[in-house]
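Here the structure is laid out as structure tokens; the discussion comes afterwards.
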Amino acid sequence: MFKKMTSLLAVLLITVSAFAQKTLVNDPAHSRIQFTVIHLGINDITGNFDQTDLTINTDERNFLHSKIMFSSEMNSINTNIEARDKHLKSADFFDAETYPKMMFVSTSITKGKSKNYYTLKGDLTMHGVTKPVSLMLVYRGSAINPMSKKETHSYQVLGTLKRLDFGVGPKFPEMLVSNLVRIKGDFELTEK
């Protein structure tokens, strides 16, 4: 009798654990990290990191206990100007050959003031420098994708970083390229 109860309890715990955790991964065709800097103090210049991965190890019972990780390939930078992209990949800015990835790993998620808004804190590694950053995470909902028939979730990450904190473009003064960089990540995710 004791063995049956122990076996039943073990099965129940495994079942609950399986339902409590799931991993969401992004769809690369519908996911992007965009950045914006101000050029000459007057004009926004925008670009993307076209190769970006986001993974959320969700705790379905309490989303605040989930773990979020994203990374971007620095060689996938795209500002629609080939010469500028080449310069941004060089040692003057991102030095993509030496530091091929930008990576973020969450350390905490806290509920925001509005529904589906969260404060996302974590460690960002870029250009060989790791710093704590605070970002806004927005859950934009879910829908069934008619092509894949999978439930697809949408998350958006918003924030502002200081490029000089990460040693990016130190030769270029703020009057030429703003130190503040606005970022916006848009991600569609499905269960792995």
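The values are calculated or read from the model by the stated rules, or taken from the named source; none is laboratory data. What you see is a predicted model, and the numbers here were worked out from it, not measured in a lab. Cβ coordinates were reconstructed from backbone atoms using ideal geometry, including for glycine residues, and neighbour counts include every protein chain displayed. When the accessible area is computed, the model is the full protein with side chains, heavy atoms only, and any ligands, DNA or RNA have been set aside. Shrake-Rupley method; radii C 1.70, N 1.55, O 1.52, S 1.80 Å.
Consider Leu189 carefully, then state whether it is at pLDDT 95 or above, part of a strand (DSSP E or B) and open to solvent by less than 60 Å² (accessible area, probe 1.4 Å).
So Leu189 does not fit the description; no.
Within the range 38-61, does at least one residue satisfy the condition of being hydroxyl-bearing (Ser, Thr, Tyr), farther than 26 Å from Glu82 by Cα and surrounded by 13 or more Cβ atoms within 10 Å (Cβ to Cβ)?
Of all residues in the range 38-61, those hydroxyl-bearing (Ser, Thr, Tyr) come to 46, 52, 55, 58.
Right, trim to farther than 26 Å from Glu82 by Cα and you get 55, 58.
Narrowing further to those that are surrounded by 13 or more Cβ atoms within 10 Å (Cβ to Cβ): 55, 58.
Within the range 38-61, one or more residues are hydroxyl-bearing (Ser, Thr, Tyr), farther than 26 Å from Glu82 by Cα and surrounded by 13 or more Cβ atoms within 10 Å (Cβ to Cβ).
When Ser17 is evaluated against the numbered criteria (1) of a type outside the set (Val, Ile, Thr); (2) in contact with a Gly (Cβ under 9 Å, 6 or more places away or on another chain); (3) open to solvent by 40 Å² or more (accessible area, probe 1.4 Å); (4) modelled with pLDDT under 90, which criterion, by number, is the only one it fails?
(2)
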